[in-house]
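Written out below as structure tokens is the structure these notes cover.
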Amino acid sequence: MHIAISAILAVVCIAAAATDLASRRIPNLLTFPAMLVFLGLHAIAAGMPGLLYSLAGLGAGFALLIVPHMFGVMGAGDVKFLAAAGAALGWYGVIWAFLLASVAGGVYALILIAVRRGVAVRLFAGLREQFQMLVATGRVHVRSGTHGLPRLCYGVALAAGTLAVTAWRTAPGWIG
């Protein structure tokens, strides 16, 4: 059953990343059925403990991204995608997926900044301005908007982190 869950999760990850890149959205038609499938497979494989394992992961995945979503820096599709991944990986696995996705997201952002001409100059000018404001007033001035910075399709980073955990768990010798 573990291999089936991993295979389905890999398909969900690829679909989420592809749709996010194509439309900047991760559709409910992907995330909600995935949640139900993973909850069901864990319940079939291990009964009530399996269902609780899956529910704990779903809740953890949701909890990790709901606050960034509430502040407008993360899309709702990203939140639901990580919740679905949590339903497959459990709470411990989804925390690792989130941490690895954070690293992947940072690398992704740096690549976009390097590729887009002028973005790095605007980014560092903004950082310099913030530092000068902090020195002059003792306060950090928070501006809304990204002022021309590239928008990330964070589903790509979430998929990368989730696939990394899935690969790690299916490797020979995995315990947990």
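The values are calculated or read from the model by the stated rules, or taken from the named source; none is laboratory data. The structure displayed is predicted, hence computed values, not measured ones. Note that we place each Cβ from the backbone using ideal geometry, even for glycine, and neighbour counts take in every protein chain shown.
Residues in segment 31-76 that are of a type in the set (G, A, S), buried (at least 18 other Cβ atoms within 10 Å of the Cβ) and within 17 Å of T162 (Cα to Cα): how many?
Count: 5.
For the condition closer than 21 Å to S23 by Cα and either among the aliphatic types (A, V, I, L, M) or at pLDDT below 95 (or both), what is the one hit in V79, V94, V67, V103?
V79
Could you list all residues from segment 19-28 that are closer than 15 Å to A83 by Cα and either within 13 Å of the chain's Cα centre (by Cα) or assigned to a helix (DSSP H, G or I) (or both)?
Answer for segment 19-28, where residues must be closer than 15 Å to A83 by Cα and either within 13 Å of the chain's Cα centre (by Cα) or assigned to a helix (DSSP H, G or I) (or both): I26, N28.
Quick one: is L112 within 12 Å of the chain's Cα centre (by Cα), part of a helix (DSSP H, G or I), modelled with pLDDT of 80 or more and surrounded by 12 or more Cβ atoms within 10 Å (Cβ to Cβ)?
Against the criterion (within 12 Å of the chain's Cα centre (by Cα), part of a helix (DSSP H, G or I), modelled with pLDDT of 80 or more and surrounded by 12 or more Cβ atoms within 10 Å (Cβ to Cβ)), L112 does not qualify.
Quick check on V94: is it more than 23 Å from A167 (Cβ to Cβ) and in a helix (DSSP H, G or I)?
It is false that V94 is more than 23 Å from A167 (Cβ to Cβ) and in a helix (DSSP H, G or I).
Given the criteria within 14 Å of the chain's Cα centre (by Cα) and farther than 19 Å from L152 by Cα, does A4 qualify?
Judged against the criteria, A4 is not a match.
Sort out which residues of segment 1-18 are surrounded by fewer than 19 Cβ atoms within 10 Å (Cβ to Cβ), part of a helix (DSSP H, G or I) and of a type outside the set (G, A, S), and write them in order of number.
Of everything in segment 1-18, those that are surrounded by fewer than 19 Cβ atoms within 10 Å (Cβ to Cβ), part of a helix (DSSP H, G or I) and of a type outside the set (G, A, S) turn out to be H2, I3, I8, V11, I14.
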